[in-house]
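Chemist: I am attaching a structure below and will ask some questions about it afterwards.
Each reported figure results from applying straightforward, stated rules to the coordinates on display, with no laboratory input. All values reported here derive from a predicted model rather than from experimental measurement. Cβ sites come from the backbone with ideal geometry, for glycine too, and all protein chains shown count toward neighbours.
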Amino acid sequence: TQENLIASQARLQLQRGLEVWMVDATQADEASAASVDDVLSFWFDGDLDDNYKRKWFPAGDKTGEMQRRVDDAIAERFGATVCAAERGDLDSWRVTSPSSAVALVLLLDQFTRHVYRHHPDRDAKVAAADAAAVLVTERCLATDRRWDLRVPLPHHVFLLMPLRHTQKTVPRLRAALAAMDERRGADEAHAALLGKFQKTTLRCLQDMEGKQHQDGDEILEFHEFTPGDEVMAGMANHPVYQTVERFLRAKLFPADNNGNGNTGSGGNTGGNTGRNESTARSQQSQPRASSSPPPRSIAISLSGGVDSMVLATVLKHLAASLPGARLAVVAMHIDYTNRPGSGAEAAFVEDWCRRHDIVCVVRTIAEVQRGVTPREQYEAESRAIRYGLYKECAAEHGFPAVFVGHHEGDVQENIIANLMRGANLLAVNGMSEEGVVEGVRIWRPMLPHAKDPILEFAHTYGVPYFLDTTPTWSTRGKLRNHLVPLLADMFGDGFLRNLSLLGEDSEQLGDMFERSCMGPFLSGLRLSDAGGYVDCTGFTQQPVLFWSVRCGSCWTGGRCGGGERCGTDGSPSRNKTAPCWWATRWPCSPRSSSRCTGASCVARVFLSTFSRPPPPLP
């Protein structure tokens with residue numbers, strides 16, 4: 001076979017011109033050869049960082065002494081074993097186990113580089129060993145085997161090394177990147193090693209494709225590349241693309257969906273969108289009337305992270321392919337100026353949008369600054385600036401809503417945070433596929449998808465994205481880096497799916513509560529600017545939950561959802577830093593936190609009036 005022929009040629013070339021000491025080593029008794037465990041223990045035992053700096057890739061070794069010690073140790077201890085691998089005496093290691101295959105690759109791909117470092121025919125000998133090693137790697141990567149996924153991540157990294165050495169090709173480099181993508185997030189302890197391997201492999205791929213290193217290495221986790229025509233032809237069949245397409249068609253062409261605004265994607269369309277969104281389900285899903293013209297544009301909040309960059313790429317392709325609609329794509333980017341690299345990120349987003357014919361609007365926030373401006377004031381004012389930008393751009397460009405790149409993982413994190421903060425059990429998701437925030441309609445088409453298919457889309461179709469700059473000290477950073485891995489370790493990876501099911505149950509329970517419980521009650525509610533009243537006959541025995549769900553909006557004429565910033569009269573305030581009027585006038589129960597909206601307190605005071613004795617007659 002071709003594999004055997006290549007292997008034979010490689011072995012023949014390796015056996016030519018061996019030095020005397022190496023010839024002596026090859027003639028040593030087979031018992032002197034090291035075992036699989038010997039090879040793996042020598043290379044991987046000990047501290048990961050220490051191995052990386054002192055053994056694998058010595059850094060700052062100006063005299064070369066550190067490198068010489070490693071070379072001498074490998075030549076003395078594994079010289080005979082390297083020769084055995086070159087002759088093919090250890091071919092059985094290829095098929096014995098995943099670990100033995102890794103050991104054979106180390107001998108051929110790594111140890112030969114140490115043994116032959118100063119040999120006059122070093123390049124030829126190393127290339128011949130690489131040719132044999134890459135066959136072992138490709139056998140492990142075969143779809144019917146996938147031995148690469150059955151070894152620890154550091155072993156996996158070195159198993160893939162032959163794909164980017166002298167035998168590298170574009171398909172092999174892409175295979176290495178794809179294999180590493182499958183390990184992303186699975187092993188936080190080795191995340192740095194994985195990131196370094198991916199970055200170096202990507203640069204090799206760019207060199208193979210004739211591309212120069214791009215500006216932005218300090219901000220980009222993944223660089224842009226142009227996939228081939230055959231790869232691009234499959235984009236429309238990708239699950240993420242199809243989900244976004246169904247969603248967009250349902251919103252812009254409701255007649256094609258039987259007048260139903262649902263996307264059919266299995267997501268959480270409709271329903272309560274959380275404390276900071278409009279909670280009126282009747283206003284949630286309002287697809288465009290089929291008789292009205294399509295909008296002039298569609299818009300996206302583009303941060304530069306993988307989620308928003310993938311969504312922007314899909315929207316741009318869809319805007320050019322939807323029948324009967326010539327849509328511009330508008331991207332809005334906020335430069336918060338909180339990090340040194342934020343300016344470079346804004347410049348990259350602008351350039352990327354320009355090259356992809358996307359209208360880009362960048363808003364730099366200089367009025368407030370994190371760490372300088374008081375926290376509550378900063379959060380309120382930066383939020384007002386962001387949604388103010390959305391409204392200004394909507395008026396200018398005529399888009400119906402703003403797309404954001406939230407996915408299933410964001411919902412799961414929201415559920416954990418909301419439960420810990422005492423959220424309403426009828427709305428623990430905190431977000432749904434459509435909502436209204438600060439008067440701006442928000443669309444989230446990727447909620448049905450986890451992070452993995454979004455990353456796969458980016459890596460398949462060359463979508464660049466920034467490094468994750470979520471601070472490790474932040475609530476979101478602690479949740480992602482510590483709490484979620486801990487919960488997964490305690491309850492298994494399936495706990496995330498259970499969180500999603502809990503969120504779906506909460507949405508359905510909320511809908512049922514609105515229809516069956518609140519509907520009859522609110523039908524008797526009478527409101528005016530002067531006040532309001534409702535006939536409570538038949539409802540006085542309902543628990544506090546019943547009254548707290550709607551108390552805020554009932555007592556303020558529907559103008560305050562409990563989570564809004566309100567003026568002293570309970571109406572929406574222009575002063576975004578003013579606390580909610582209702583939340584300052586009702587005592588919180590001991591279980592309430594500082595985030596109490598006041599609704600439960602209003603409900604408790606309201607309920608207490610039912611048990612009071614009637615006033616005495618005059």
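Chemist: Tell me the net charge near residue 307. Cut-off is 14 Å between Cβ atoms, residue 307 excluded, with +1 for each Lys or Arg and -1 for each Asp or Glu.
Modeler: Net of charged neighbours comes to -3.
Chemist: Under the rule a/c < 1.5 gives rounded, and otherwise a/b versus b/c splits prolate from oblate, where does segment 399-497 land using the Cα gyration tensor?
Modeler: The shape class here is oblate.
Chemist: Taking Cα centroids, how far is segment 159-178 from segment 75-96 in Å?
Modeler: Value for the Cα centre distance between the two parts: 22 Å.
Chemist: Subtract the Cα-Cα distance of residue 70 and residue 511 from 0.36 nm times their separation in residues, and report this length gain in nm to one decimal.
Modeler: 152.1 nm
Chemist: Taking the Cβ of residue 103 as the center, what net charge do the other residues with Cβ under 9 Å away carry, scoring Lys and Arg +1 and Asp and Glu -1?
Modeler: Here the count lands on -2.
Chemist: What is the fewest-to-most order of 525, 496 by other Cβ atoms lying within 10 Å of their Cβ?
Modeler: By the 10 Å Cβ count, ascending, the order reads 525, 496.
Chemist: Listing 406, 482, 238 from the residue with the fewest other Cβ atoms within 10 Å to the one with the most, what is the order?
Modeler: By the 10 Å Cβ count, ascending, the order reads 482, 238, 406.
Chemist: Answer rounded, prolate or oblate for segment 281-434, using the Cα gyration tensor with square roots of eigenvalues a ≥ b ≥ c: rounded when a/c is under 1.5, else prolate when a/b is larger than b/c, else oblate.
Modeler: Taking the square roots of the gyration eigenvalues as a ≥ b ≥ c, segment 281-434 is oblate.
Chemist: Report, in whole Å, the centroid distance computed from the Cα atoms of segment 307-353 and segment 452-473.
Modeler: With segment 307-353 and segment 452-473 each reduced to a Cα centre, they are spaced 14 Å.
Chemist: Still on this model: Amide H to amide H, which residues 5 or more places from residue 364 or on other chains are under 5 Å from it, using H placed in the peptide plane?
Modeler: Amide H neighbours of residue 364: 335.
Chemist: Take 402, 231, 105, 36 and order them by how many other Cβ atoms sit within 10 Å, fewest up front.
Modeler: Going from sparsest to densest Cβ surroundings: 231, 36, 402, 105.
Chemist: I would also like to ask the following. Tally Lys and Arg at +1 and Asp and Glu at -1 over the other residues with C-beta under 13 Å from the C-beta of residue 333: what net charge comes out?
Modeler: Counting the neighbours of residue 333, the net charge comes to -1.
Chemist: For the pair residue 149/residue 351, report the inter-label distance in nm, with labels modelled 7 Å from Cα in the Cβ direction.
Modeler: 3.7 nm
Chemist: What FRET efficiency do you get for residue 490 and residue 191 if R0 is 22 Å and r is their Cβ-Cβ distance, rounded to the nearest 0.05?
Modeler: 0.60
Chemist: Another one. Given the Cα-Cα distance of residue 416 and residue 97 and 0.36 nm per residue of separation, how much length would full extension add, in nm?
Modeler: That works out to 110.8 nm of additional length.
Chemist: Working out 0.36 nm times the residue gap between residue 473 and residue 226, then minus their Cα-Cα distance, what length gain in nm do you get to one decimal?
Modeler: Going from the current span to full extension adds 85.3 nm.
Chemist: Can you work out the Karplus-derived ³J(HN,Hα) for every residue in segment 311-323? Use 6.51 cos²θ - 1.76 cosθ + 1.60 with θ = phi - 60°, whole Hz, and x for glycine or proline.
Modeler: Rounded to whole hertz, the list is 4, 4, 5, 5, 4, 5, 5, 5, 4, 8, 10, 5, x.
Chemist: Right, something else. Please work out whether segment 349-399 counts as rounded, prolate or oblate from its C-alpha gyration tensor, where a ≥ b ≥ c are the square roots of the eigenvalues and a/c under 1.5 means rounded, while otherwise a/b larger than b/c means prolate and anything else oblate?
Modeler: Taking the square roots of the gyration eigenvalues as a ≥ b ≥ c, segment 349-399 is oblate.
Chemist: Can you flag which of 316/478; 168/196; 316/451; 55/199; 196/316 are past 28 Å Cα-Cα?
Modeler: 316/478; 196/316
Chemist: Also, I was wondering about something else. Once you put a point 7 Å from the Cα of residue 542 and another 7 Å from the Cα of residue 504, both along the Cβ direction, what distance in nm separates them?
Modeler: Result: 2.8 nm between the two label points.
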